[in-house]
Amino acid sequence: MGINYLASLSHYVPELLACLTMFGLILIEATYKEEKKERGLLFLAAGIGLTSVLVFLIFNLGKEPLSIFTNSVVIDSFSTLSKIIMCLGTLGAVYLTSQSRDIQGNLKPEFAIMATGILVGGMLLSSANNMLVLFIGIETLSILSYVLASLKKNDDRSAEAGLKYALYGGITSGIMLFGMSHIFGVVGSINFTDIAVGLKSLSEGQVLIVLPSFLLFLVGIGYKIACVPFHMWAPDVYEGSPIPVTTFFSIVPKVAGLAALVRISTTFFAEPGVLNVGWVGTLSIIAALTMTVGNISAIGQQSVKRMLAYSSISHAGVMILGIIVMNDLGTRSVLFYSITYLFMTLAAFYIVSFVNDKYGNDHFERFSGLIYRYPMMAIMMTILMFSLAGIPPLSGFVAKFHIFNALIIEKYYTLAVIAGINSVIALYYYLKIVRIMTLKPSESEEEIQGFTYVNQGVVVALTIPVVVLGLFWEKVLMVAEGAKVFVQ
Amino acid sequence: MVSLSSYLFISFALFISGLAVMIARKNIIAILLGIELILNSAALNFAAYARFVNQNIDGHLMSLFIIVIAAAEAAVGLAIVIRFFQIKETIHIDDATQLQA
């Protein structure tokens, strides 16, 4: 027993490294004097730590799936790939924090520390094979997120965002636990593999308890993904938090929640039956609502950040479509979608953040005439918006196409039509910003300090994958399959 | 002897009263108390199922972790409420309306 645990640790290096990075950052932060503004060493350490996590994860990619810690944590290619996405997202958000003026200098280290902690929670969540691990993962993610949301001191909007996040989070995790407790009572285990076996031999009365319990379970995860009945917190929290925090929230918790949802769906509901019908039906309604509500609310927004927040809700809806089909093709397209979503969102938020730092807000008008002053940034923003809207040949289109393909093979025509209509609606508000950037004259000639050559380079580097994945996706997918990257 | 169904009944009552507190009360501290009620109903459920139905350690583990994490969540929640009170000088949920579309 003890030896097995020690042997499990050797497969758990990325998570341990992330924990070590967090502790190291706390120690480094403690050595700084209060009034010192620059925290160069700390960000360097964060960068090195997160990059080493990333390197270890990439080395883990092609390996056979294995379950460690008495089968409570599963490490397979799917979880490793979602961890890579989360790690990249964290790195991007930490770099943005070091450049942003939306967070005070002496609070920036706290962001780096909390973000690394949230990454650990997300890693736990994406490879959880046990209700306890899943619960701990969700709570690690949530509790640190509450703190991040209220990071700005003496700012009433930030405090309110944290408050709302904490209250919603508390209710949903309580409801999720209540559901979990009844599943445990009926099936008699908290291990996913054992539950999946137990679900096959249920009496009708037991199904009547288990199905509503799973719906309560879904509340907790749906809250992390921000899908529609549980999305009320998202726009408020996204708006109240500083922009680097918003960037982080729209990537890491979302990908972690989706990974957990994929694992739950494929472990428990792959067998046809009453449970499968109920689960797929619920997810279909949620996905359709999520896409539509997210898109329609995004139309009237003044602030680009809030628009991106709503659009990230609708992207989550599209990703849930890939889970509904319940096969390898669907899971693979969800992963591909989240990779492209990562790059698109990160780069778009970078540009928004630098503009916001200059003018103090990020309304659409602040972007007017950007093409005359910073042509490179305006072109990148245009590419990103086209890709987010799903226009060929960019990667956003390819990702959406894969999901539609999986849907149509499994004959979910209605959902495919709803998703198609939503892409058209999305086109409107994404192109609005492109129109303002190119056609309206510039408001002022002042330069935006955020757009240094290095930062412009970073934005371009983040946009390149958006284009490359769109053009050479076939090769990327082939390489990926050759390495057995995706779910076995 | 107390049966399983009475435990389940009590935990269900706790769950419902927790939800009712969250919906009806306007005081943020009261809402945090409601969250505690919901979490405790789940913990009670796990302990009861572990005692009566499945004689394994999983249920006890879950209830222990729920107690620990509920404490952590309450600590962070209260810290945020204090910050909110320092800025707004109120703990009424209806005053948290800065962020509305």
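The values are calculated or read from the model by the stated rules, or taken from the named source; none is laboratory data. Owing to the predicted nature of the structure, the values given are computational and were not obtained by experimental measurement. As a convention, Cβ positions derive from the backbone with ideal geometry for all residues, glycine included, and neighbour counts pool all protein chains shown.
Suppose we keep only residues that are facing another protein chain (nearest Cβ under 7 Å) and out of contact with any Phe, Trp or Tyr (no Cβ under 7 Å at 6 or more places or on another chain) within the stretch B:33-44. Which one would you say is surrounded by the fewest Cβ atoms within 10 Å (Cβ to Cβ)? The extreme case among them is B:Ile35. Annotation note: of A:Leu88, A:Leu151, A:Leu141, the sole residue that is in contact (Cβ under 8 Å) with a residue 12 or more places away in the chain, aliphatic (A, V, I, L, M) and away from chain B (no Cβ under 14 Å) is A:Leu88. For the stretch A:294-311, the candidate set comprises residues that are surrounded by 19 or more Cβ atoms within 10 Å (Cβ to Cβ) and aliphatic (A, V, I, L, M); within that set, the residue that is nearest to A:Leu216 (Cα to Cα) is A:Ala309. Within the stretch A:238-247, is there a residue that is away from every other protein chain (no Cβ under 14 Å), polar (S, T, N, Q) and part of a helix (DSSP H, G or I)? Yes, the conditions are met somewhere in the stretch A:238-247. Taken over the stretch B:49-99, the criterion of being within 26 Å of B:Ser3 (Cβ to Cβ), more than 8 Å from chain A (Cβ to nearest Cβ) and under 19 Å from the mean Cα position of the chain (by Cα) is satisfied by B:His60, B:Ser63, B:Leu64, B:Ile67.
Being polar (S, T, N, Q), touching an Asp or Glu at 6+ places or on another chain (Cβ under 7 Å) and crowded, with 22+ Cβ neighbours inside 10 Å is a condition met by at least one residue of the stretch A:167-175.
Which one is surrounded by the most Cβ atoms within 10 Å (Cβ to Cβ), of the residues in the stretch B:13-29 that are facing chain A (nearest Cβ under 9 Å) and in contact with a Ser or Thr (Cβ under 7 Å, 6 or more places away or on another chain)? Lay out the reasoning, then the answer.
First pass over the stretch B:13-29, keeping only residues facing chain A (nearest Cβ under 9 Å): B:15, B:18-19, B:22, B:28.
Right, trim to in contact with a Ser or Thr (Cβ under 7 Å, 6 or more places away or on another chain) and you get B:15, B:18.
Details: B:Phe15: 24, B:Gly18: 26.
For the stretch B:13-29, the residue satisfying everything is B:Gly18.
Do the conditions hold for A:Val187, that is, is it crowded, with 20+ Cβ neighbours inside 10 Å, farther than 25 Å from A:Lys254 by Cβ, more than 8 Å from every other protein chain (Cβ to nearest Cβ) and in contact with a helix residue (DSSP H, G or I) (Cβ under 9 Å, 6 or more places away or on another chain)? So A:Val187 fits the description; yes.
Select, from A:Ile285, A:Ile264, the only residue that is outside any loop (DSSP other than H, G, I, E, B), touching a residue at least 12 places away in the same chain (Cβ under 8 Å), out of contact with any Pro (no Cβ under 9 Å at 6 or more places or on another chain) and not basic (Lys, Arg). Break it down into steps so the answer makes sense when it comes.
Details: A:Ile285 fails: touching a residue at least 12 places away in the same chain (Cβ under 8 Å).
A:Ile264 is the lone residue from the list that is outside any loop (DSSP other than H, G, I, E, B), touching a residue at least 12 places away in the same chain (Cβ under 8 Å), out of contact with any Pro (no Cβ under 9 Å at 6 or more places or on another chain) and not basic (Lys, Arg).
If the condition is being in a helix (DSSP H, G or I), touching a helix residue (DSSP H, G or I) at 6+ places or on another chain (Cβ under 8 Å) and farther than 27 Å from A:Gly188 by Cα, then the stretch B:21-57 contributes B:Val21, B:Met22, B:Ile28, B:Ile29, B:Ala30, B:Ile31, B:Leu32, B:Leu33, B:Gly34.
Give the number of residues within the stretch A:154-184 that are among the polar types (S, T, N, Q) and more than 7 Å from every other protein chain (Cβ to nearest Cβ). Outline the logic, then answer.
We begin by selecting, within the stretch A:154-184, every residue among the polar types (S, T, N, Q); these are A:154, A:158, A:172-173, A:181.
Then keep just the ones that are more than 7 Å from every other protein chain (Cβ to nearest Cβ); that gives A:158, A:172-173.
Selection size over the stretch A:154-184: 3.
A:Leu216 satisfies every condition listed in (1) within 12 Å of another protein chain (Cβ to nearest Cβ); (2) surrounded by fewer than 17 Cβ atoms within 10 Å (Cβ to Cβ); (3) hydrophobic (A, V, I, L, M, F, W, C) except (2).
In the list A:Leu119, A:Leu134, A:Leu144, A:Leu125, which residue meets the criterion of being surrounded by fewer than 23 Cβ atoms within 10 Å (Cβ to Cβ), at pLDDT 90 or above and under 18 Å from the mean Cα position of the chain (by Cα)? Let's see the steps before the verdict.
Values: A:Leu119 fails: surrounded by fewer than 23 Cβ atoms within 10 Å (Cβ to Cβ); A:Leu134 fails: surrounded by fewer than 23 Cβ atoms within 10 Å (Cβ to Cβ); A:Leu125 fails: surrounded by fewer than 23 Cβ atoms within 10 Å (Cβ to Cβ).
It is A:Leu144.
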